[in-house]
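First comes the structure, then the notes that go with it.
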Amino acid sequence: MDAGLLVLRALLAAVLFVHATQKLCGWFGGPGRAKSSEMFADLGHRPAALMVLLAGSAELTAAFLLISGLLSPLAAAVTIVVMLVAGLSLTQFKGRLWNSVGGGEYPLVLAGTGAVVALTGPGAWSLDAILDAAWYAPTGSSVFVFAGPGAILGAAAAASVPVLRARRQLKDRV
């Protein structure tokens, strides 16, 4: 199971790293800051340039924490917040869920993957395990009964603020 959790964390970290550097640097065929700011503004996120910087920085932070298995409840929460905001924003803007029509299906799946990390923990192959972090316990332990759901609920509450602000911005435009 620990090998599987390492693979899950590594894949999620890689996707977050690519998303962040596409936004911030234009790497991997991404739009860079200026175009990302335009896209964020279209989704109702203001101030768009600051929101791009915050989203990209959060994705880079989550990627580092996930790949290392350090502060895993925080890594999961940051992943969930950023991907919920992206997924819900795309879905409310397009009025559709599915990625093939511009909806937020894919980021919502990534948010769900972050929730898996929150609920299972990082596994034994992580810095949390090596450092015997207070929140770390072997998978299935009662510690994650509190840390995992707490990370998920906190992330959902935090994501609601920019999503609702964007919704209001989009309504004001019409």
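Observations
- Where labels lie 7 Å past Cα in the beta-carbon direction, separation of ARG96 and ASP132 in nm: 5.5
- Sum of side-chain charges, LEU16 neighbourhood, beta-carbon under 13 Å (Lys, Arg +1; Asp, Glu -1): +1
- The fraction of accessible area contributed by carbon and sulfur in segment 50-159 is 76 percent, rounded to a whole number (1.4 Å probe; ligands and nucleic acids excluded).
- Comparing TRP27, LEU54, PRO162 along the charge dipole axis of the chain, the residue lying farthest to the positive side is PRO162, per the Cβ-charge model.
- Calculated P(r) of the chain - Cα pairs past 30 Å, %: 18
- Normalised by the number of residues in the chain, the average gap of Cα pairs under 8 Å and 6 or more apart makes the relative contact order 24 percent.
- The relative contact order of segment 60-154, computed from alpha carbon pairs under 8 Å that lie at least 6 residues apart in sequence, is 29 percent.
- Student exercise, the chain dipole from Lys, Arg, Asp, Glu Cβ charges, in Debye to nearest 20: 800
The values are calculated or read from the model by the stated rules, or taken from the named source; none is laboratory data. Predicted, not measured: the structure shown is a model, and the values here were computed from it. As a convention, Cβ positions derive from the backbone with ideal geometry for all residues, glycine included, and neighbour counts pool all protein chains shown. In case anyone asks, the SASA skips ligands and DNA or RNA and just uses the protein heavy atoms, side chains included. Shrake-Rupley method; radii C 1.70, N 1.55, O 1.52, S 1.80 Å.
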